[in-house]
């Protein structure tokens, strides 16, 4: 039900995902009256793998999370998370209120042992032909040093397990690279991370390193991560707009248009995953279940990508991997 | 003496500025032995407007600000700021340790009445052919709601006085546009700014709006501002690198190279000021004197731009304008 468009986007996206994954079954939680008509023209074989779970309400996207949580009983978001808790679903995908999703998921599923709060994580392609795991992206506007250390460990597991990077490099996002720079909680986190056995910590990096490929995992609080990711999106959008030539100078030569289009294609091929349509689907890490947050503005294709992320997380059993890694690292190290 | 290169960059930049401004006199504070040789070949008329003020030490760029301040007596940075305090200089330009410069400037010059802490501010060109004032850029890694309100007022004065924008729009950087989003101190700041008479507050904006032109002033704490600005720089650098074609596909066609070069020129013309060489020189607002922070990595040309910013700030008497505006707005409004 969530996101800017609701079922008209999420239901067709669900059908797309079902068509691509023959093992997939989807539970669509929401208002049956709004979902059913969108399934009417679907292939009957696909329809057999879709089940509508009725909900009585929908969490408003602009609701204050604490208020939304208090009135969440019977809501589609809460029911979807309860399905995980009850073992009836392996993952939950939502384009709804991020704060409420984070709060409800934490409340219902409870963080893994040794995790204070889950973090929202996504990957960003970098210039050295790889990807950087970025977390937190907004689940925790503020994070203390302990949380940053936990984010670092979770990010490293994701880089290793999903992206196949051996001994992934981990950096803390700061406003300077020198050890003396930045607020105390980030310097404290650096001190704690250095003590961790088995974490390849490479130091502080700055906003300019989001795409530089100097690290495999970039750790920050949710405010900084959100600002950095959205700044990146805004700059890319601005550049593509300027390149596509809304200006007068570009209108005159058709060949220039062709080259611009091919260059745009080139940039998009390399940085295609920066396109929200392609990299959509941030994972909420640190819970015993899989919860994927889609952009509210996600298109049908983008929401299908978020479902794809959920499938991959289920196949790779990410929560279990994180749990095991935390136990191992913390058992060998001197910090809690 | 400051920055990555010291006198070999700052002294030639000083000579450049003197050549452009016949009324300008410059006091070069530092080690005479390092400065003098760099003036040897300068035009004798220019030399008459340069005065070397000897210093006994230099604040290390990687020193912890509080430690640097404690040992700052006799340092070039401190002496330069004392020259302002004593009325012997109108402005101070430094490429040195930002934290130390901010701390010493605050200690020696004392913030204006009604200003808790000065903020570092710069302007960023946006896609609608204008510029956005961004503050704080790193002077205060953390900022409470009162500081954010003061930043908003100072940014509005700068937009009005320096950029000539009538009734400039002011926004707070947040991780969502809805009033319920983000950490409490930012929501509190929004509440306070709304009560200000004569401030055109337009609400929360996100990182993606840094270049969108939706606001004339974008207000945030120094951590977020620094991360956003540096992310922007990093993304632009990445894009220009990709466009210039380090990749194989671009090597083959010379005509494509030509178009790329012209497009790069087009982007740089529009976003030239994003080039650190051109937009170098962040102002420390909120002090009774003019203090300009240059990038540590500034080139000769970039450092000359920072000197230019100082000259403009002196001509427009920015500190006085801010002081008057604060008195007026606060006298008419209900918040302190």
Seminar exercise, completed: With one decimal in nm and the nearest listed first, the spacings from residue A:197 to its own position in the other copies, using label points 7 Å along Cα-to-Cβ, are 6.7
Exercise. Percent relative contact order of chain A, based on C-alpha pairs within less than 8 angstrom and at least six residues apart?
Worked result: 22
Seminar exercise, completed: So, with points 7 Å from each Cα along the Cβ direction, the residue A:316-residue A:301 label distance in nm works out to 2.3
Exercise. Taking a label point 7 Å from Cα toward Cβ, how far is residue A:316 from its twins in the other copies, in nm, shortest first?
Worked result: 5.0
Problem set entry | Of B:176, B:138, B:99, the one that fluctuates the most in a GNM where chain B has Cα springs shorter than 10 Å | B:176
Problem set entry | Label-point gap, in nm, between residue A:163 and residue B:43 - each point 7 angstrom along Cα→Cβ | 5.3
Exercise. What is the Cα radius of gyration of the stretch B:100-249 over 2.2 N^0.38 Å, N being its residue count?
Worked result: 1.11
Seminar exercise, completed: Protection proxy (average C-beta count within 10 Å per residue), highest first, orders B:82-95, A:230-243 as A:230-243, B:82-95
Seminar exercise, completed: Burial-style ranking of B:100-107, B:312-319, B:152-159, average other-beta-carbon count within 10 Å with highest first, yields B:152-159, B:100-107, B:312-319
Seminar exercise, completed: Placing one equal point scatterer on each C-alpha of the protein assembly as shown and summing with Debye, one gets log10 I(q)/I(0) at q = 0.06 Å⁻¹ equal to -0.37
Exercise. What share of all Cα pairs of the stretch B:1-143, in percent, falls into each consecutive 5 Å distance bin?
Worked result: 2, 9, 17, 19, 18, 16, 11, 6, 2, 0
Exercise. Residues of A:215-224, mean number of Cβ from any other protein chain within 10 Å of their own Cβ, rounded to a whole number?
Worked result: 3
Seminar exercise, completed: Of all C-alpha pairs within the stretch A:181-246, those more than 15 angstrom apart amount in percent to 64
Exercise. What is the mean number of Cβ atoms from other protein chains located within 10 Å of the Cβ atom of each residue in peptide B:170-180, rounded to a whole number?
Worked result: 5
Problem set entry | Average projection area in nm² (convex hull over Cα atoms of chain B, one quarter of hull surface) | 19.0
Problem set entry | Copies compared at residue B:88 - label distances in nm, ascending, label defined 7 Å from Cα in the Cβ direction | 8.0
Exercise. Rounded to the nearest 5, what % of the DSSP beta bridges within the protein assembly as shown are antiparallel ones?
Worked result: 35
Exercise. If you take every DSSP beta bridge whose two residues both sit in chain A, what share of them, in percent to the nearest 5, is antiparallel?
Worked result: 35
Problem set entry | Ranked packing of B:17-24, A:9-16, most packed first, by mean Cβ within 10 Å | A:9-16, B:17-24
Exercise. Across peptide B:57-68, how many C-beta atoms of other chains are within 10 Å of each residue C-beta, on average?
Worked result: 2
Exercise. Roughly what would the spin-label model give for residue B:62 and residue B:4, points 7 Å off Cα along C-beta, in nm?
Worked result: 1.4
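Read-outs throughout are calculated quantities, based only on the coordinates presented, and are distinct from any laboratory measurement. Computed from a predicted model, the values in this text were never measured in an experiment. Methodologically, a virtual Cβ is constructed for each residue, glycine included, from the backbone with ideal geometry; neighbour enumeration extends over all protein chains shown.
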